[in-house]
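Below is one structure; the comments refer to it alone.
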Amino acid sequence: MSQQSEKLAILFADISGSTMLYETLGNALARQMVVRCLAIMSTRLAAHRGTLIKTIGDEIMCTFPSAADALRAACHMQDAVDHGKPGGETPMYVRIGFNFGEVIREGNDVHGDAVNVAARITEVARARQILATQPAVDALPPELRDRARHIRRASIKGRQAQLDLFQIGWRADDGERVRVGIPAYRKPEGHKEQLVLRHRDQQFTVSERSMTATLGRSEACAIVIRDEFVAERHAIVEYQLGKFFVSDRSASGTYVDFSGGETLHILGEDTMLRGSGAILLGRPFSGDPAWIIEFSIHLAPTWA
């Protein structure tokens, strides 16, 4: 089989929380919803010169001749899923990552490091988020580069060096969500904070040193909640450029109660944590403290 080397944009689009859909709705109904969602995304490729390479379970892999085409297609996909409601009354969200670089084309498939990186950054993306690499952003025309905001450096599985990750704005409120990446909104050097999570005898600190904590039923989670309403990996608490976010990865949602009295229910989305409060996975607050995860943010010790 002949091989051909060329530069392309590689994009992966993955349905967030699909495993939980199968667990809660059953195979037949969940599969129908997944197929509808994949079809909505796939039909947006042609308008942006995209090529569907393959479908892998609950995600699609595609290529584009330019990073600009990939960005426009990613935004179109997110918007189409948002308004198309492939899950009916059940919310469905996708996460997208794309990279730009040299690939080896072999038949109808593509291979290479650029492909692997695109797949890895999609894995760390949150629901309804579009992430791009530095090479992809560098390849964008100036009018589209303004839509990319640097959010963090991340360690990617299989690579020693960290990668710069950029969030692509596709919603009207994305400017607010990504502005933590702009220097003017960062805390001054020397005022770094840490977030402490507590549940019964468990405690975990999220900080610049340890940037993520997974919450869920799995024994591999940083905070383990042994409750039937909780998914294996239900939510993730992340440190991003001096701010802390909780991101829901479940089909039932995550509840956040701030000490000031505000309570939020997020489903497939993220919200910024501030001050102190409590997190509850899969069920609303009822006065029963058995499953509550307490959180508090304060200045980190100088040695942390």
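Before I look further, what does the chain give for accessible area per residue, probe 1.4 Å, in whole square angstrom?
Working: 14330 Å² over 304 residues.
With the other protein chains kept in place, the chain gives 47 Å² per residue.
Using Cα pairs closer than 8 Å and at least 6 residues apart in sequence, work out the relative contact order for the chain, in percent.
14 percent
Separation of the stretch 242-267 and the stretch 1-28 by C-alpha centroid, Å?
Taking the Cα centre of each part, the stretch 242-267 and the stretch 1-28 sit 27 Å apart.
When the label point is put 7 Å from the Cα of GLU208 along its Cα-to-beta-carbon vector, which residues of the stretch 118-154 have a backbone N closer than 19 Å?
Hits in the stretch 118-154 for GLU208 at 19 Å: 150-154.
Tell me, what is the 1.4 Å probe accessible area of ARG147, in Å² to the nearest 10?
Answer for ARG147: close to 90 Å² accessible.
Can you give me the solvent accessible area of ARG36 with a 1.4 Å probe, rounded to the nearest 10 Å²?
Probe radius 1.4 Å; accessible area of ARG36 about 110 Å².
If you take the Cα Rg of the stretch 38-82 and divide it by 2.2 N^0.38 Å, with N the number of residues, what do you get?
Numbers: Rg = 9.6 Å, N = 45, 2.2 N^0.38 = 9.3 Å.
Dividing the Cα radius of gyration by 2.2 N^0.38 Å gives 1.03.
Contour minus end-to-end for GLN32 and SER5, with contour as 0.36 nm per residue of separation and end-to-end as the Cα-Cα distance?
Gain on stretching GLN32 to SER5: 6.0 nm.
Compute the projected area of the convex hull of the Cα atoms of the chain, averaged over all viewing directions, and report it in nm² to one decimal place.
Across all orientations, the chain yields a mean hull projection of 17.2 nm².
In what sequence, largest accessible area first, do ILE53, ILE293 appear using a 1.4 Å probe?
Numbers: ILE53 25, ILE293 0 Å².
The residues order as ILE53, ILE293, largest area first.
As a test of the formula, what do you get for the chain when each DSSP H run with n ≥ 4 contributes -39,500 (n - 2.57) and the sum is divided by the residue count, at 222 nm and rounded to the nearest 500 deg cm²/dmol?
So the calculated ellipticity at 222 nm is -6500 deg cm²/dmol.
What is the magnitude of the charge dipole of the stretch 13-101 about its Cα centre, with +1 placed on the Cβ of each Lys and Arg, -1 on the Cβ of each Asp and Glu, and no other charges, expressed in debye to the nearest 20?
Computed charge dipole of the stretch 13-101: roughly 240 debye.
If each residue of separation counts as 0.36 nm, what is the full-extension length gain between ALA220 and PHE258 once their alpha-carbon separation is subtracted?
Length gained, ALA220 through PHE258: 11.0 nm.
Quick one: ranking THR254, THR214 by accessible area, 1.4 Å probe, largest first, what do you get? Can you show the working numbers first?
Working: THR254 0, THR214 40 Å².
Sorted by accessible area, descending: THR214, THR254.
Could you order THR133, THR43, THR205 by accessible surface area, starting with the largest, using a probe radius of 1.4 Å?
If we order THR133, THR43, THR205 from most to least accessible, we get THR43, THR205, THR133.
Per the 1.4 Å probe, what fraction of the accessible area of the chain, in percent, lies on carbon and sulfur atoms?
49 percent
Can you tell me which of 125-132, 218-225 comes out highest on packing, and rank the rest after it, using the mean Cβ neighbours within 10 Å?
125-132, 218-225
Using the charge dipole of the chain (Lys, Arg: +1 at Cβ; Asp, Glu: -1 at Cβ; taken about the Cα centre), state which of MET41, ILE223, GLY84 has its Cα farthest towards the positive end.
MET41
Just how large is the dipole of the chain about the Cα centre, in debye to the nearest 20, putting +1 at every Lys and Arg Cβ and -1 at every Asp and Glu Cβ? Before the final figure, lay out each step's value.
Working: 36 positive and 37 negative charges, 77 e Å.
Computed about the Cα centre, the dipole is about 360 debye.
Which one of TRP291, LEU280, ALA73 has its Cα pushed farthest toward the positive end of the charge dipole of the chain, where Lys and Arg give +1 and Asp and Glu give -1 at the Cβ?
Highest projection toward the positive end goes to ALA73.
So how long is each side of the stretch 1-78 along the principal axes, counting just the alpha-carbon atoms, biggest first, in Å?
Principal extents (Cα only, largest first): 43, 32, 16 Å.
Using a 1.4 Å probe, how large is the accessible area of GLU294, given in Å² and rounded to the nearest 10?
Rounded to the nearest 10, the figure is 110 Å².
What's the magnitude of the charge dipole for the stretch 1-49 around its Cα centre, counting Lys and Arg as +1 and Asp and Glu as -1 at the beta-carbon? Answer in Debye, nearest 20.
Roughly 200 debye for the stretch 1-49.
The values are calculated or read from the model by the stated rules, or taken from the named source; none is laboratory data. The structure displayed is predicted, hence computed values, not measured ones. A quick note on method: Cβ atoms are made from the backbone with ideal geometry, for glycine too, and the neighbour counts reach across all protein chains shown. Ligands, DNA and RNA are excluded from the accessible area calculation, which covers all protein heavy atoms including side chains. Shrake-Rupley method; radii C 1.70, N 1.55, O 1.52, S 1.80 Å.
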